[in-house]
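Worksheet for the structure shown next.
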Amino acid sequence: MVGYDHPDVVKLVDAVQEEYVRRYGGPDSAPIAASQFAPPSGIFLVGYLDGRPVACGGWRRREADGESGLRDGDVEIKRMFVVSEARGRGYSRLVLGELERTAAAAGGLRMVLETGTGQPEALGLYTSSGYLPIAKFGEYRCSPRSRHLGKPLA
């Protein structure tokens, strides 16, 4: 677990933003503050291979806002990413499992996320991990390319 402002996180977040530019034509513009990923409101994880940061993901607490499908007890996944040279080795599934475990331990009731049709491998990961469509929320709730998924936490 590291801070969202850790140099390895900054490097990986820059890389995921470059990936969004390639796939969608622009970076993710959803508002994020480093403080949202500080316990107990969230965490951010980095996975290393031979001392190099290769995978990341975090969760932040979300609550019902009366305007979207968010519920009290929701925890949102943000910035799940694996560098291209480390893909296909199961790192995303390991990060996702640890995010779910730590969110449940922190009292989260449901994991939620937003991804897009330009990320078929992410959609495959989440659906194979038990995530189902939920009501749209957040910055991209009106985007036709956006997919919103959720999964109850045990």
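Each reported figure results from applying straightforward, stated rules to the coordinates on display, with no laboratory input. Treat the numbers as computed from the prediction; the structure is a model and nothing was measured. Here the Cβ positions follow ideal geometry from the backbone for every residue, glycine too, while neighbour counts run over all protein chains shown.
Here is how the numbers come out for the structure above:
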| item | result |
| --- | --- |
| Among (1) free of Cβ contacts under 8 Å to residues at least 40 places away in the same chain; (2) assigned to a strand (DSSP E or B); (3) under 13 Å from Y4 (Cα atoms) - the single one K78 does not satisfy | (1) |
| Test: V82 is within 17 Å of R110 (Cα to Cα), among the aliphatic types (A, V, I, L, M) and under 12 Å from the mean Cα position of the chain (by Cα) | no |
| Residues located in region 16-41, provided they are farther than 17 Å from I77 by Cβ, of a type outside the set (D, E, K, R) and part of a helix (DSSP H, G or I) | V21, Y24, S35 |
| Hits in region 5-15 - residues which are more than 20 Å from T115 (Cα to Cα) and either outside any helix (DSSP H, G or I) or in contact (Cβ under 8 Å) with a residue 60 or more places away in the chain (or both) | D5, H6 |
| All positions within region 70-80 that are touching a strand residue (DSSP E or B) at 6+ places or on another chain (Cβ under 8 Å) and either under 19 Å from A38 (Cα atoms) or surrounded by fewer than 17 Cβ atoms within 10 Å (Cβ to Cβ) (or both) | G73, D74, V75, E76, I77, K78, R79, M80 |
